[in-house]
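Here's the structure we're looking at; comments come further down.
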Amino acid sequence: MTGRPRTLRTAAVISASAALFALSACGGTKASPAPTSTDGATSGTSASEAPADSAALERVVPEPSGITAAAGSFTLTGATAIHASPSAEPVVADLAAYLKQQTGLAPQTTQSADAPIQLVLQSTGGDASLGAEGYTLAITAASVTLTAATDAGLFHGVQTIRQLLVGAKLQAGTITDHPRFAYRGVMLDVARHFYGVADVKAYIDAAALYKVNEFHLHLSDDQGWRFVVPGWPKLATVGGATQVGGGPGGYYTAAELKEIVDYAASRYMTVIPEIDMPGHVGAAVSAYPTLACDGRHHGPVTTAAPGYDALCTTSESTYRFVDSATKAAADATPGPYLHLGGDEAQALNLTQYDSFVQRAQNLVATYGRTPIAWAEAGTAPLLPQTVLEYWNTAQPQPYVTQAADKGTKLIMAPGNHAYLDQQPTPDFPLGLHWAGYTPVSKAYAWDPVTVLPGIAPSSVLGVEAPLWSETVKNLKDAETLAFPRLPAIAEIGWSTPNTHNWPKFAQRLADQAPLWDKLGIAYYKSPEVPWDQS
C-alpha cells in the first residue's frame, strides 16, 4: 500500500482562478506533425523532431475511443497561455491549476485567440457522435486544442491532458473520445464511518480524474444518520453521534452538504443522496424509537454487522418521516436522482416490504426526483421511471430481469466485480469478502450488459463502484481499497468492450502511479500491475 503527502490536493485549483485573463506569450515550437495510427507507423518525420510515439498517447484511463499519434511533442513553459471560448472559463481555471499542480509551471489564461492552448466550446456544428460528454484533443508541437460540445466534455478532456503529461511534455497526436454509458458512478458510504467535507471532496477529485459523473452518497444506515432533516433534529444529533466501533460519528449541516454538492458539480459530478430504508434504519430508530413497530429504545448500532431494525410500514408516522427525509434530501441535492435504499430488509415480510417500496418511490417522485433502489425493490410494482441497482451476485434475483423486461433501467454494481470494499487478496488488512476476493484483474473482467444473463443492452443505464465503509476508517483506507480498482471500473463504464485488454490496461495503470504519487492518492501496489515499468 502506498500513500503520499496531500499538500498538492486542492490548493492549486482554488488559487488558479486568480490568473484568469492575464495576457502571456505562447509556448511550444512549431513543427509539422507526422500522423500515425495506433500501431506506431510513422510518415514524413523530420530529423529535428521526435518520431510519433503511440505508447505516450496510450496511457490514458479510461481507454479513449480513438487515438492517432503524430511526430513531435508540445512543451509547456511558464510563458504558455490558455484561451477558452466564452462560458468555459471555469474549465480553463481548472486546467491552469492542474498544470501548475503537476509541473510547478504557472500557465496564464488570456483573451487572445492566438494562445497555444485552446479550449473550444462547440455547442453546434461539431461531431454529434461525441455526445454531451465527449471531446476531441489535438496536440501538435505548436498547439493543444481541446474541443467539446459542453463544459463537461471539456472537463473530461482536461483529465486526459493531465494523464498525458510527462514532465512538461505532451505527445503530439489526436484523441477522439466519448463514453459508452451515460451513468458512471462511485458510491461512498459515510454512514458506517463518517468522513468530513474535506475528505469527501478529495474522494470526488480522485474519481473525477477517471471521468466519473455520478457521486452516490450513502447518507444513512444502522450505524449513522449523516444529514439534517427539519422537524426531526435527533436524526442528526442522536442518530449521527456514532459509527462502527463506537466513535463520535458526525453529520453534515445543510451548509456542509451544499458545499459537497457544489464541489461535485464543479467536477461535473452529480450527487445522488441515499436514505436507506425500510431496513438499515438502526440510527433512525435509535433517535426515534416509535419508527419501529415495537416502539422500544433499541440503542445505537456500533457493530459492522447490520442491526436488522425496520421501519413500521403500517404506521402513518413512518411515512411522515419518509416524506420529511425525502424532501430534505431532494432540497439539498438538485440532481435528477434520489436513492431510497431498499436492501436487506429481513425484518419485514414481502407484503410489508413491497407496500413500503410503492409508497416511498411515490414520495421520491413527488419531489421531482427519479427513484433509485437496490435490486430487491424489483419485487414491488415499480414506477416506469424507477431505476434498480443490481449488486447481490450471490443469490438469484429473477425479479430484476422481470423488471428489466418491463422497461426498468438498471445500474450494474455486481458485488464480485464492482464493490471496492471487497478484499483484493485474503491477507489484505481492509475490506470484506462476502462476494469473494476481487483483485484488480477481476474488477476489470466483466461487461455490464452480460454480467446478468437475460438483460437487454438497452436496459443498462450504466455502472457504479460502491465503497462500503464497515472497515474503512479514513480517506487513506478508502483510497487504498479504491485504487487501482476504481479506474478499472471507470473504464468498464466509459470504454467499449473491444478496447478492453487486460495486459495493456495493467500497463496503463502502472503509468498512472507517478500521478497518484504527485496528487497524494493512496493506492495498493497490486502484484498484477507492472509498477516498475511505469
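How far is it, in nm, from the label point at Lys406 to the one at Ala113 when both lie 7 Å from their Cα along the line to the Cβ?
5.6 nm
Net charge within 12 Å of Phe194 by Cβ-Cβ distance, Lys/Arg positive one each and Asp/Glu negative one each, not counting Phe194 itself?
Every neighbour counted, the sum reads -1.
Return the Rg/Rh ratio of the stretch 402-483 with Cα-based radii and a Kirkwood Rh.
1.05
Could you tell me the center-to-center distance, by alpha carbons, between the stretch 354-386 and the stretch 435-484 in angstrom?
Between the Cα centres of the stretch 354-386 and the stretch 435-484 lies a distance of 24 Å.
Quick check: net charge around Leu209, other residues with Cβ under 10 Å of its Cβ, Lys/Arg +1 and Asp/Glu -1?
+2
What's the percent breakdown of Cα-Cα distances in the stretch 277-385 across 10 Å bins, shortest bin first?
Going from the shortest bin to the longest, the percentages are 15, 47, 33, 5.
When only C-alpha pairs under 8 Å and at least 6 residues apart count, what is the relative contact order of the stretch 427-489, in percent?
Reported relative contact order: 49 percent.
Taking the radius of gyration and the Kirkwood hydrodynamic radius from Cα positions alone, what is the Rg/Rh ratio for the stretch 86-201, to two decimal places?
A ratio of 1.02.
Bin width 20 Å, alpha-carbon pairs only: give the P(r) of the chain as whole percents, running from 0 to the bin holding the largest distance.
All Cα pairs considered, the percentages come to 22, 53, 22, 3, 0.
Counting Lys and Arg as +1 and Asp and Glu as -1, what is the net charge of the other residues whose Cβ lies under 12 Å from the Cβ of Gly224? Could you put the intermediate results ahead of the total?
Working: positive: Arg192, Arg226; negative: Asp189, Asp221, Asp222, Asp276, Glu470.
Local net charge: -3.
Rounded, prolate or oblate: which fits the stretch 420-534 when a ≥ b ≥ c are the square roots of the eigenvalues of the alpha-carbon gyration tensor, with rounded for a/c under 1.5 and prolate only if a/b beats b/c?
It comes out oblate by the Cα gyration axes.
Report the paramagnetic label zone for Ala394: residues of the stretch 253-285 whose backbone N is under 20 Å from a point 7 Å from Cα along the Cα-to-Cβ axis.
Backbone N within reach: 277-282.
Carbon and sulfur together cover what percent of the accessible area of the stretch 263-336 at a 1.4 Å probe radius?
Result for the stretch 263-336: 57 percent of the exposed heavy-atom area is carbon or sulfur.
In the full protein assembly as shown, how much of Ser112 is accessible to a 1.4 Å probe, in Å² to the nearest 10?
My reading of the accessible area for Ser112 is about 50 Å².
Check cross-link reach from Lys442 to the lysines: straight Cα distance under 21 Å, and skip same-chain residues fewer than eight apart.
Lys211, Lys504, Lys525
To the nearest 0.05, what FRET efficiency results for Ser324 and Ala304 with a Förster distance of 22 Å applied to their C-beta separation?
Calculated value: 0.15.
Quote the accessible area belonging to Asp53 in square angstrom, nearest 10, computed with a 1.4 Å probe and with ligands, DNA and RNA left uncounted.
70 Å²
Under a plain spin-label model, where a point goes 7 Å from the Cα along Cα-to-Cβ, how far apart in nm are Tyr367 and Asn349?
Here the answer is 3.1 nm between the modelled labels.
State whether the stretch 58-153 is rounded, prolate or oblate according to the following rule on the C-alpha gyration tensor (a ≥ b ≥ c being the square roots of its eigenvalues): a/c under 1.5 gives rounded; otherwise a/b larger than b/c gives prolate, and the remaining case gives oblate.
Oblate shape, in that a/c is at least 1.5 and b/c is the bigger or equal ratio.
Between Asp517 and Arg359, what FRET efficiency comes out of the Förster formula 1/(1 + (r/R0)^6) with R0 = 45 Å and r the beta carbon distance, rounded to 0.05?
After rounding to 0.05, the efficiency reads 0.35.
For Ala128 and Ala456 in the same chain, what is the full-extension length gain: residue separation times 0.36 nm, less their Cα-Cα distance, in nm?
115.6 nm
Evaluate the relative contact order of the stretch 467-534 (contact order divided by residue number), counting alpha-carbon pairs under 8 angstrom at least 6 apart; express in whole percent.
41 percent
Taking the Cα centre as origin and putting +1 on Lys and Arg beta-carbons and -1 on Asp and Glu beta-carbons, what dipole magnitude results for the stretch 223-299, to the nearest 20 debye? Write out the running numbers ahead of the final one.
Working: 5 positive and 6 negative charges, 23 e Å.
The dipole of the stretch 223-299 has a size of about 100 debye.
Regarding the stretch 137-265, what are the three Cα extents along the principal axes, ordered largest first, in Å?
Result for the stretch 137-265: principal-axis Cα extents of 60, 29, 25 Å.
Counting alpha carbon pairs within less than 8 Å and at least 6 residues apart, what relative contact order, in whole percent, applies to the chain?
Rounded, it is 15 percent for the chain.
How much accessible surface does His178 have with a 1.4 Å probe, in Å² rounded to 10?
Using a 1.4 Å probe on the heavy atoms, I get roughly 60 Å².
How much accessible area per residue does the chain have, counting only protein heavy atoms and a probe of 1.4 Å, in square angstrom?
Dividing the accessible area of the chain by its residue count gives 36 Å².
Starting from 0.36 nm per residue, how many nanometres of slack lie between Trp502 and Ala254 once their C-alpha separation is accounted for?
Length difference between fully extended and current span is 84.9 nm.
With every atom except the alpha carbons ignored, what do you get for Rg and Dmax of the stretch 316-455, in angstroms?
Gyration radius and largest Cα-Cα distance of the stretch 316-455: 16.5, 49 Å.
The values are calculated or read from the model by the stated rules, or taken from the named source; none is laboratory data. Here the structure is a predicted model, which is why all the values come from computation and not from measurement. Heads up, the Cβs are rebuilt from the backbone with ideal geometry, glycines too, and the neighbour counts pull from every protein chain shown. For the accessible areas, the whole protein counts, side chains as well, though only heavy atoms, and no ligand, DNA or RNA atoms are used. Shrake-Rupley method; radii C 1.70, N 1.55, O 1.52, S 1.80 Å.
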